[in-house]
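Structure record follows, encoded as structure tokens.
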Amino acid sequence: MPPLSRESWRRLVVPISQPLSRIRPGMSIFLGTGAAEPRTLVRHLMDSNAPNLADLELIQLVSFGDAISIDALKSQRFRLKTFFSGWVSEDAITEGQVDLIPSRFSWLPDLIESDRVHVDAAFVQITPPNEAGYCSLGIAVDIAALAMDKASVVVGEINPWIPQTFGDTFVPVSRFDYLVESSDPPHYLTRWPQNPIFDRVAANVAELIPDGACIAFSIGPLYEALSRHLSQRRDLGVHSPLFTDALMDLVRSGTVSNRRKAVHPGKSLASYALGTPLLMEWLNRNPLVEFQRVDRVFDPVQIGRNPQFVAVFPARRVDLAGRIALQIGKGNIATGPAEVVDIFRGAELSQGGRTLFALPSRGPDGKTNIVISTDDTPNRLGLHESVDRIITEYGSVSLRGLTLRERAQAIIEIAHPDDRRNLVEQAKARKILYADQIFLAESGLYYPGGLAVTHRLKGGQEVRFRGIRPSDEEEMRRLFYRFSNESVYYRYFSTVRTMPHTRMQAYVNVDWRSTLSVVGLVGEPGRGHIIAEARYIIEPDRPWAEIVFVVDEAYQGLGIGTFLYGMLARLAKEQGLKGFLAQVLFSNIGMMKVFRRGDLLVKVRLEGGEYELTIPFDEPPSPSVGNVIRVDG
């Protein structure tokens, strides 16, 4: 084909009435998806009263509903088939005005190629032809080219507002029976405004996405906030159904390099783009983004080839067993069960992959999003045995390996503090939690989320420190049973043989006003093991506190006790305390070393085989004597 000038391709353009005259009653017409909907063609189709444009079946993966209106479907001249129940088609499906084809997105090409989903005509949005005579499918590759192969009538709507994108997007002008010109810009989406709750949720999600991870995005306030919190990561990759303004921000910031990806390394991979005019302008002829068919982007095997693939999904409801109800209605794109399952499986296949379900603890109506059961909630994801992590603005929990009781306890801890008592009572009534389960409202209201810190030990291993939680009961019991009899005696000043639920749950439920407890964990965040615990208990009648420590014997001598001692001293000073008190057995040399290495003056009195320590905060150690002095002669 000789080079095409603008004047030459414009001569190929025909009035819209011409291709519409080729349509016959009963035909199935494939329409470009979402923002790639050929809006001018569809508008003329909806507005026409031509007798041949009746009893038509419209096939569209995602419908935004602005061109194919629900009112038009009520006329019964058209019937819409869709593979996606989100956005505005949810109510129409429920009312019987839209036919939903449940299917995994990775299977869609096979449905078209095998003619299980029949296509007679294809209306697609394209860019103006380039000089070589090729048009780009622009911002929706999905299965458009396959539908064009099957259709007997192929119409291209040339839209100068859409970007020319790279990848599996180019089709020659010769593939089209008709070309028409668009008089409508594509469907743009404005960006979500900043939301303080979603910002806190996103901050907790971002903590679980490491440098070098490969991510998948959709649209909504969660992803807008997450993009900001990931701006300091390095070498992220993108393998995502949707490319959005939020991802554009990450690429432009240098956070996304795609260096560590196995599938299309060096490029962000997507099937769709959705967003603002700025995004469309940025995507135009941008070699950093590769658009491919849905069977490649949604293929779990292809996704799983990328190491550390992190799938982030917005959830609508979560119950105490970890069952997820996904979003419904407008704003829900690529996060329904059919779409989630492919990405979910891909993350499971990925080395170091994670699946994260994030939601605010409460909905816009003020009702809890953490519920006793999601059985009556629509759009459920039936994979609760495989759900990895759940995140709210109050933290995150890893569900792998937890019993149903442990799951319930952990999930309650990330519910809104005002909803936790009711959830505990409901869980007790259903025998999910122990009948004697302790609940302290103060534990949620005053929990010191801001004290979380990571410390590197002498050998290079990292230990994460945070406030103790009620769900730490089993980990603390395991720590207890790892101690030797001598260590138990040092801690409890008696021989303690067992640590049953009744005793340990009283220990891990802290009110935070009279007691502060910090645990140290090693291992992957959310799946770590407790190897240390330190706390202080404020005296009832004066601003002093008794301090106690316990460190796993396998980790003693690495400076953990010294770090905890300094950490608790700082926190106690911030709380307005005047000093610490402690009791240490005469033979407990290791604990005395912790106090000797500290920065505080320690006054020691030996009585009955025990050291009684007084540690005032307002008396500095003496350079000549040291920080430990005897006061009993």
To test your reading of the geometry: what angle, between 0 and 90 degrees and rounded to tens, separates the Cα axis of helix 473-482 from the longest principal axis of the chain?
50
What list of ³J(HN,Hα) couplings, whole Hz, do you get for the range 536-545 from phi and the Karplus terms 6.51, -1.76, 1.60, once you set θ to phi - 60° and write x for glycine and proline?
10, 10, 6, 4, x, 10, 7, x, 10, 9
On full extension of the chain, what length is gained from Glu281 through Asp47, given 0.36 nm per residue of separation minus the C-alpha to C-alpha distance?
81.2 nm
Computed FRET efficiency, Cβ-Cβ of Arg596 and Ala554, R0 22 Å: what is it to the nearest 0.05?
0.45
Report, to the nearest 10°, how far helix 417-429 tilts away from the longest principal axis of the Cα atoms in the chain, using its own Cα long axis and a range of 0 to 90°.
90
Note down the nm distance, to one decimal, between modelled labels 7 Å out along Cα→Cβ at Arg260 and at Asp211.
0.9
Just one of (i) 170; (ii) 213; (iii) 159 is volume of the Cα convex hull per residue in Å³ calculated from these coordinates, so which is it?
(i)
Given +1 on the Cβ of Lys and Arg, -1 on the Cβ of Asp and Glu, and no further charges, what dipole in debye does the range 196-437 carry about its Cα centre, rounded to the nearest 20?
300
Can you give the charge dipole size of the range 453-630 about its Cα centre, rounded to the nearest 20 debye, using +1 on the beta carbon of Lys and Arg and -1 on the beta carbon of Asp and Glu?
260
Quick query: amide H of Gly353 versus all other amide H atoms, modeled in the peptide plane; which residues come in under 5 Å with a sequence gap of 5 or more or a different chain?
Gln308, Phe309
Using the crude model of +1 on Lys and Arg Cβ and -1 on Asp and Glu Cβ, and no other charge, please compute the dipole size for the chain relative to its Cα centre, in debye to 20.
1100
Stretched out fully, how many nm does the piece from Leu606 to Arg478 gain, at 0.36 nm a residue minus the Cα gap?
42.8 nm
Positive end of the charge dipole of the chain (Lys, Arg +1 and Asp, Glu -1 on Cβ, about the Cα centre): tell me which of Gly352, Ile112, Ile59 has its Cα farthest that way.
Gly352
Using the number of other C-beta atoms within 10 angstrom as an exposure proxy, rank Phe123, Phe170, Phe586 with the fewest first.
Phe586, Phe170, Phe123
Taking Asp541, Asp299 and counting other beta carbon atoms within 10 angstrom, the fewest-first order is Asp541, Asp299
Along the charge dipole of the chain, which of Leu558, Ala213, Pro378 sits closest to the positive end, that is, farthest toward it, with unit charges on the beta carbon of Lys, Arg, Asp and Glu (+1, +1, -1, -1)?
Leu558
One finds, for Arg456 and Leu571 with R0 = 22 angstrom and r their Cβ-Cβ distance, a FRET efficiency to the nearest 0.05 of 0.65
In nm, what is the difference between 0.36 nm times the number of residues separating Val13 and Leu404 and their Cα-Cα distance?
134.4 nm
Per-residue HN-Hα couplings for the range 562-577 [Karplus 6.51, -1.76, 1.60; θ = phi - 60°; Hz; x = Gly/Pro]
5, 5, 5, 4, x, 5, 5, 5, 4, 5, 5, 5, 5, 7, x, 6
For the range 275-283, what does the Karplus curve 6.51 cos²θ - 1.76 cosθ + 1.60, with θ = phi - 60°, yield as ³J(HN,Hα) per residue in whole Hz, taken in order and with x for Gly and Pro?
x, 8, x, 4, 4, 4, 5, 5, 6
Amide proton proximity set for Arg380, modelled H, under 5 Å, gap of 5+
Leu326
Say each of Gln194 and His118 gets a label point 7 Å from the Cα, pointing the same way as Cα to Cβ; how far apart are those two points in nm?
5.5
Estimated FRET transfer efficiency when R0 is 22 angstrom, pair Ala132-Trp161 (beta carbons, to 0.05):
0.55
Asp142 long-range amide H proximity, modeled H, under 5 Å:
Val294
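Readers should treat all values here as calculations from the given coordinates under stated rules, not as data from a laboratory. Since the structure is predicted, the reported quantities are computational estimates derived from the model, not experimental observations. Because the Cβ atoms are built from the backbone with ideal geometry, glycine has one as well, and the counts that use them run over all protein chains shown.
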